[in-house]
Amino acid sequence: MRKILMLLAIGIAISSCNQRKDSEYVINGNAEDVHNGIRVRLAQIDEKGQQVIKDSAIVMDNKFTIKGSVDEPGIYFLSADGSPGNVVFMLENSDITIDFNKQIPMESKVTGSESNKSYEAFQNGMLQFKEEGGAIMTKFRELGNEPAPEQRDSIKNVMEDLRERQRAYPLKFVQENNDSYFSLNLIQLESSRAGFDILKYQEAFESFPDYLKNSNRGQIVKQKLDELYKAYEKTAYLEIGKIAPNFESQTPDGKVVSLNDLRGKVTIIDFWAAWCGPCRRENPNVVKVYEQYHDKGLEIIGVSLDGAPNQKDPKKAWLDAIEKDGLEWHHVSSLKYFNDDVAKLYNIESIPATYILDEEGKIVAKNLRGFALERKVRQLILDL
């Protein structure tokens with residue numbers, strides 16, 4: 001009887017050693033075809049946006065285990081030496097199984113993390129956009145090398161609509177899933193992207209339950225949103241729906257032109273420079289839009305940021321670029337590089353940059369290029 005009791009005690013002790021504590025996570029990895037000795041690494045993105053290694057393990061017999069604890073669920077990355085990319089998942093204190101895909105880590109299967117379900121739902125939504133885009137491109141290719149203009153434009157309209165819905169998807173997801181830790185992480189990730197709508201994301205964050213807003217991640221997100229809102233307040237007059245601020249500047253021949261001189265017409269304010277490669281590559285598209293819609297009521301005023309320190313003769317470079325690229329619209333510049341008064345008024349930090357105004361001088365879009373620019377101009381001209 002004593003031996004039986006001793007065996008039971010040993011069994012309990014062993015099982016308790018392998019049992020996960022509620023305050024810990026255990027990642028059990030199945031790494032098929034991964035050689036013994038390969039190291040897998042668990043990482044997280046820090047507040048500076050840098051990936052920081054948190055832990056690692058060695059693969060033995062196609063398996064690995066990583067144990068630890070987190071204060072709250074968050075996005076983590078798992079990688080293996082010799083495999084491209086990462087497994088992205090929500091890590092929380094639970095028993096988590098990762099079936100590691102050596103060839104395509106992003107397609108690894110993660111189970112056991114309740115908060116990861118929200119991430120998977122988001123990824124499934126993004127996958128639908130990818131599949132929809134693939135179907136559109138297949139249809140476009142089926143039209144042949146020279147599709148009819150109306151067919152080509154129809155496909156482009158559908159593709160641009162898809163891109164707009166995809167750009168809006170993260171915010172929509174956050175708004176509809178305001179009770180998940182992943183949504184908090186998603187706000188933080190999106191906050192570093194261009195076009196981040198601080199007002200709508202701030203409103204979405206305020207709809208989160210208190211336990212999320214008061215969490216460590218919630219406090220980090222709130223601080224980031226507060227910083228972005230302060231920056232937004234400084235340039236709120238440039239938001240879509242606002243009347244574009246008037247300015248005056250000199251043309252190449254020394255005359256003064258103001259934005260108000262163009263009031264009453266759809267107007268593109270185009271910030272560019274002779275030294276700017278992306279600007280020069282976009283110019284043929286802008287020329288095409290101008291030639292197509294100028295007679296119907298479109299005006300363009302180009303604001304050059306020439307005057308870079310390495311330009312020996314910025315005015316000559318400016319004029320040569322205008323002539324070479326065939327830019328037959330209004331042009332102004334102080335030749336002061338990014339210290340140009342108009343550039344500072346419009347908070348221009350990089351070029352090319354555009355503001356699209358309706359006939360009342362109201363900002364209706366920013367930084368559109370290619371077909372998106374033509375599409376918006378066409379919509380505005382048709383409304384005249």
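The values are calculated or read from the model by the stated rules, or taken from the named source; none is laboratory data. All values reported here derive from a predicted model rather than from experimental measurement. We place every Cβ from the backbone using ideal geometry, glycine too, and count neighbours over all the protein chains shown. To get the accessible areas, we keep the full protein, side chains included, count just its heavy atoms, and leave off ligands, DNA and RNA. Shrake-Rupley method; radii C 1.70, N 1.55, O 1.52, S 1.80 Å.
Taking other residues whose beta carbon is less than 14 angstrom from the beta carbon of ASP325, and scoring Lys, Arg as +1 and Asp, Glu as -1, yields -3. At a probe radius of 1.4 angstrom, the accessible area of region 264-380 per residue rounds to 45 square angstrom.
Reported to the nearest whole Å, the Cα centre-to-centre distance from region 265-289 to region 44-96 is 45. Backbone amide hydrogens, once placed in the peptide plane, bring SER56 within less than 5 Å of LEU42, excluding anything fewer than 5 places away on its chain. The relative contact order of the chain comes to 11 percent, based on Cα pairs under 8 Å that sit 6 or more residues apart.
Summing Lys and Arg as +1 and Asp and Glu as -1 over all other residues whose Cβ lies under 15 Å from the Cβ of LYS265 gives a net charge of -3.
Using 0.36 nm per residue and subtracting the Cα-Cα separation, the extra length available between ALA121 and VAL287 on full extension is 55.5 nm. Using log10 I(q)/I(0) by the Debye sum over Cα atoms at q = 0.06, 0.08, 0.12 Å⁻¹ as the read-out, say which of (1) -0.33, -0.55, -1.04; (2) -0.37, -0.61, -1.07; (3) -0.24, -0.42, -0.91 was calculated from these coordinates. Computing log10 I(q)/I(0) by the Debye sum over Cα atoms at q = 0.06, 0.08, 0.12 Å⁻¹ and matching it to (1) -0.33, -0.55, -1.04; (2) -0.37, -0.61, -1.07; (3) -0.24, -0.42, -0.91 gives (2). Give me, ordered by chain and number, the residues 5 or more places off GLU299 or on other chains with an amide H under 5 Å from its own placed amide H. Under 5 Å from the amide H of GLU299 lie the amide H atoms of VAL266, THR267, ILE268, each far enough along the sequence or on another chain.
When the listed pairs LYS213/LYS242; LYS242/LYS315; LYS315/LYS344; LYS255/LYS336 are checked against a 22 Å cut-off, the alpha-carbon distance exceeds it for LYS213/LYS242; LYS242/LYS315. Calculated mean residue ellipticity at 222 nm for the chain: -14000 deg cm²/dmol, from DSSP H runs with n ≥ 4 weighted as -39500 (n - 2.57), summed, divided by the residue count and rounded to 500. Take the Cβ atoms of LEU199 and ILE136, set R0 to 41 Å, and the FRET efficiency comes out at 0.85. In this Cβ point-charge picture (+1 for Lys and Arg, -1 for Asp and Glu), the chain has a dipole of about 880 debye about its Cα centre. The value obtained for region 145-249, namely the Cα convex hull volume divided by the number of residues, is 174 Å³ per residue. In a fully extended conformation the segment linking ASP253 and ASP179 would gain 20.6 nm over its present Cα-Cα distance, using 0.36 nm per residue. Look at where the Cα atoms of region 300-374 and of region 184-208 average out, and the two centres are 30 Å apart. Expressed as a whole percent, the accessible surface of the chain that belongs to carbon and sulfur atoms is 49, based on a 1.4 Å probe. Note on LYS109: lysines with a C-alpha under 29 Å away, same-chain residues under 8 apart excluded, are LYS21, LYS48, LYS54, LYS63, LYS67, LYS117, LYS130, LYS172.
How high is the relative contact order of region 78-220, given as a whole-number percent (alpha carbon pairs under 8 Å, six or more residues apart)? It comes to 16 percent, rounded to a whole number.
Given LYS234/LYS316; LYS200/LYS366; LYS296/LYS316, which pairs have Cα atoms separated by over 24 Å? Violating the 24 Å Cα-Cα cut-off are LYS234/LYS316; LYS296/LYS316.
Here the contact order of region 216-375, divided by its residue count and restricted to Cα pairs under 8 Å and six or more residues apart, works out to 31 percent.
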